[in-house]
1. Here are some residues: A203, A273. Which one is at pLDDT below 75 and in a helix (DSSP H, G or I)?
2. Just a yes or no: is a residue in the stretch 129-136 modelled with pLDDT under 75 and under 19 Å from A235 (Cβ atoms)?
3. Would you mind finding the one in P47, P52 that is more than 15 Å from S149 (Cβ to Cβ) and out of contact with any Gly (no Cβ under 9 Å at 6 or more places or on another chain)?
4. In the set G66, G42, which member is modelled with pLDDT of 90 or more and part of a helix (DSSP H, G or I)?
5. Can you name every residue in the stretch 105-121 that is β-branched (V, I, T) and within 18 Å of the chain's Cα centre (by Cα)?
6. For residues in the stretch 162-178 being small (G, A, S) and more than 17 Å from A69 (Cα to Cα), which is modelled with the lowest pLDDT?
7. Can you tell me which of (1) modelled with pLDDT under 85; (2) assigned to a helix (DSSP H, G or I) is the one L191 doesn't meet?
8. How about the stretch 89-104: which of its residues are outside any loop (DSSP other than H, G, I, E, B), at pLDDT 70 or above and more than 14 Å from F116 (Cβ to Cβ)?
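The values are calculated or read from the model by the stated rules, or taken from the named source; none is laboratory data. Bear in mind that the values here come from a model prediction, so they are computed numbers and not experimental data. Positions of Cβ are generated from backbone atoms using ideal geometry, with glycine treated the same way; all protein chains shown enter the neighbour counts.
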Amino acid sequence: MRGISLGVFASLLSAATALIITSTGSDSISPLWLLMGQYMVGMCLSPPRRRPVAPLSLHALRLIAGLWAFGAYYFALSAEGASAAEASMILNTAPIFATFYAVTQIRARFSALLAFAGVALFLLANNGGVDFSLWQLLALSAAVAYASSFILVGVLSSKGESPGTINSIYNFGAAVVTAIILIVYQPPLPLHWWPVFAIGAIAALRIQVITIAATTPEESARVSVLTNLAFLWLAIVEIVQGRSYSVVEWVALGLVILGVGLSPKATTKTSEATTKTSRIVR
């Protein structure tokens, strides 16, 4: 139940991130500033408190995956003509990769397939489907990196690494890399700074929530399925704004909800692993 609540909360934060970025547009702020704001806030939320116990190579892989996932996603959302709902849907194909890698349960894989089918159907029904524009390809690459990041967080947790240590190493390393890119690339200063602080707070909190929820590779895959709800919230916003959905699009939304609802709870084995990990952390 705790994992479900955290996963749903993370999906709400993801939807808020997409709305803010697409509302500011690519002309007003570089995604690099958004990344820096996110990692600076993240360092404040998770200051280093203990030495890592898991191999540093795993932390390095998580750093690479996380940087690409967020960077590609932000650049996709900032691109001209990008749709917040579509970009979120493409990003949320990540659970299919994460689930099929980490979970062997037929029900878990079936639930991920249903959610993925809903995402694909919605994309096909929405403006003719995917046309492989640059922003869509960036969002798809972000989905693959995002799934990898999910799994790596679960692996690190299963090896006894605390959420605070996982996040502190990731945020510090990502902030250093982003700062170097900012110095070299030198993007223009934002016309408005409020999105930097807003995205920084929301995205950093989202990372914190997901890291706490993803206690094992299996649990991280289940949490990733719940993040599919992000584009459902975005669809609701579009409906409130006056957009009318076709029957096919409503069926697609239903498939996503059904897929998330069928996602199984943690098995006894997973629960025991989680308990064991908690004891190690303490």
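1. A273
2. Let us first name the residues in the stretch 129-136 that are modelled with pLDDT under 75, namely 129-132.
Right, trim to under 19 Å from A235 (Cβ atoms) and you get 129-130.
There is at least one residue in the stretch 129-136 that is modelled with pLDDT under 75 and under 19 Å from A235 (Cβ atoms).
3. Details: P47 fails: out of contact with any Gly (no Cβ under 9 Å at 6 or more places or on another chain).
After ruling out the rest, the residue left standing is P52.
4. Details: G42 fails: modelled with pLDDT of 90 or more.
The match here is G66.
5. Restricting attention to the stretch 105-121, the residues satisfying the condition of being β-branched (V, I, T) are 106, 119.
Answer for the stretch 105-121, where residues must be β-branched (V, I, T) and within 18 Å of the chain's Cα centre (by Cα): just V119.
6. Start the filter on the stretch 162-178 by keeping residues that are small (G, A, S), which leaves 162, 164, 168, 173-175.
Subset that is more than 17 Å from A69 (Cα to Cα): 162, 164, 168.
On the way: S162: 88, G164: 85, S168: 91.
So the residue we want is G164.
7. (2)
8. Answer for the stretch 89-104, where residues must be outside any loop (DSSP other than H, G, I, E, B), at pLDDT 70 or above and more than 14 Å from F116 (Cβ to Cβ): there is none.
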